[in-house]
1. Please determine whether any residue of segment 61-80 is at negative phi, in a loop (DSSP other than H, G, I, E, B) and either in contact with a helix residue (DSSP H, G or I) (Cβ under 6 Å, 6 or more places away or on another chain) or at pLDDT 85 or above (or both).
2. Could you check residue 27 against (1) surrounded by 12 or more Cβ atoms within 10 Å (Cβ to Cβ); (2) modelled with pLDDT of 80 or more; (3) not in a helix (DSSP H, G or I) and say which number it fails?
3. Go through segment 30-45 and give me each residue that's in a loop (DSSP other than H, G, I, E, B), free of Cβ contacts under 8 Å to residues at least 24 places away in the same chain and either in contact with a helix residue (DSSP H, G or I) (Cβ under 9 Å, 6 or more places away or on another chain) or closer than 22 Å to residue 3 by Cβ (or both).
């Protein structure tokens, strides 16, 4: 389990990232990204995530979806917060 702080939040907006089988299935279903592809040396998933900020934000949102909803953040709010 890891955490990250949204840019510009002065350390007040901390998100916990925990990858479980349920998380992998949710990301696959909602974003169409198989997180297990990072383990495949022929996959370009890391490159794709590093060059497509919208996809990266969508993946992070879905990973942290329960936290976002409990904080009443929508996908667009998360994109804006990360994109600062």
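1. Scanning segment 61-80 turns up at least one residue that is at negative phi, in a loop (DSSP other than H, G, I, E, B) and either in contact with a helix residue (DSSP H, G or I) (Cβ under 6 Å, 6 or more places away or on another chain) or at pLDDT 85 or above (or both).
2. Here residue 27 clears every test but (3).
3. Hits for segment 30-45 are 34, 43, 44.
The values are calculated or read from the model by the stated rules, or taken from the named source; none is laboratory data. Nothing here was measured: the structure is a model prediction, and the numbers come from that model. Positions of Cβ are backbone-derived with ideal geometry, glycine not excepted, and every protein chain shown enters the neighbour counts.
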